[in-house]
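Structure first, then comments.
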Amino acid sequence: MEKIAIYPGSFDPITNGHLDIVERGLSIFDKIIVAILLNPSKKSFFSVEERMEMLQTSMKKFANVEFDVFDGLLVDYAHRRKAHAILRGMRAVSDFEYEFQMALMNRRLRREIQTVFLMTGLRWIFTSSSIIKEAAQFGGDINDMVPPIVNKKLKIKYSKKTV
Ligand code: PNS
C-alpha cells in the first residue's frame, strides 16, 4: 500500500528548512502532500495563492509531491486524503512543547494517523518563516536561507511597503 504523508503548515513563506524536511521525508514516504492551512483568523503575510506558487516553484524538482490547501482539523483532512502520517520538522527545544501537544491531540482524535518528526538539518536550526521575514524587512541578506523565488518575492513585497 502507498505510504502517504501530509506535510502541513502555514508556509508563510516556505524556507530551505521546509525543503530539507520534504526531501528527507521522500526517503520514507511514497508520496508527500504539502498542505497549506487556510486560517481566516490568522493574518498571513503572503496570500494563499502566493504561498502556493512559492511551494510549487521551489519543489518542482521533487517527484511524488502534491500541493493542496485545507481547513478544519488536520487529522480529518489526512483521513480524507488516505494519509497514514503527518510529517513535521522539529527544530530546537522551543518547538518541542507545541509539537508534542499537537501530536498527542491529533493522536487522540484519530489514533490510526501517526505523527513523524524529522529533526531539522543543523544548517536550518535557527531559521523560521517569521525570523526570515523580520531580517528581510530591514534589508538583511536571507538569500541562502530561502528558495530564490521567495527571496525575490520578499524583496518586492518589502520594497512596496516602504514606498
Ligand atoms: O506552520 P505551522 O503554522 O506551525 O503549522 C501549524 C498547523 C497547520 C500544522 C496546525 O495549526 C494545524 O494542524 N491546524 C489545523 C487545526 C488542527 O487540526 N489543529 C491541531 C489539533 S486541535
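The values are calculated or read from the model by the stated rules, or taken from the named source; none is laboratory data. Source: prediction; values computed, not measured. Backbone-built Cβ (ideal geometry, glycine too); neighbour counts: all protein chains shown.
Quick notes
- Residue match in region 127-141 (condition: assigned to a helix (DSSP H, G or I), among the small types (Gly, Ala, Ser) and more than 17 Å from residue 13 (Cα to Cα)): no
- Yes/no for residue 21 being in contact with a helix residue (DSSP H, G or I) (Cβ under 6 Å, 6 or more places away or on another chain) and touching a residue at least 40 places away in the same chain (Cβ under 8 Å): no
- Residue check for residue 149: more than 11 Å from the ligand (Cβ to nearest atom), among the β-branched types (Val, Ile, Thr) and either surrounded by 18 or more Cβ atoms within 10 Å (Cβ to Cβ) or not in a loop (DSSP other than H, G, I, E, B) (or both): yes
- Matching residues, region 10-34, being within 12 Å of the ligand (Cβ to nearest atom), on the phi < 0 side of the Ramachandran plot and of a type outside the set (S, T, N, Q): 12, 13, 14, 17, 18, 21, 34
- Candidate set: region 86-98, residues that are more than 9 Å from the ligand (Cβ to nearest atom) and in contact with a helix residue (DSSP H, G or I) (Cβ under 9 Å, 6 or more places away or on another chain); chosen: the one nearest to residue 124 (Cα to Cα): 91
- Residue 2 being closer than 16 Å to residue 145 by Cβ and surrounded by fewer than 22 Cβ atoms within 10 Å (Cβ to Cβ): no
- Across region 35-85, the qualifying residues are those that are free of Cβ contacts under 8 Å to residues at least 40 places away in the same chain and in a strand (DSSP E or B), and the one among them that is nearest to the ligand (Cβ to nearest atom) is 37.
- Members of region 105-123 found to be of a type in the set (A, V, I, L, M, F, W, C) and modelled with pLDDT of 95 or more, listed by number: 105, 109, 113, 116, 117, 118, 119
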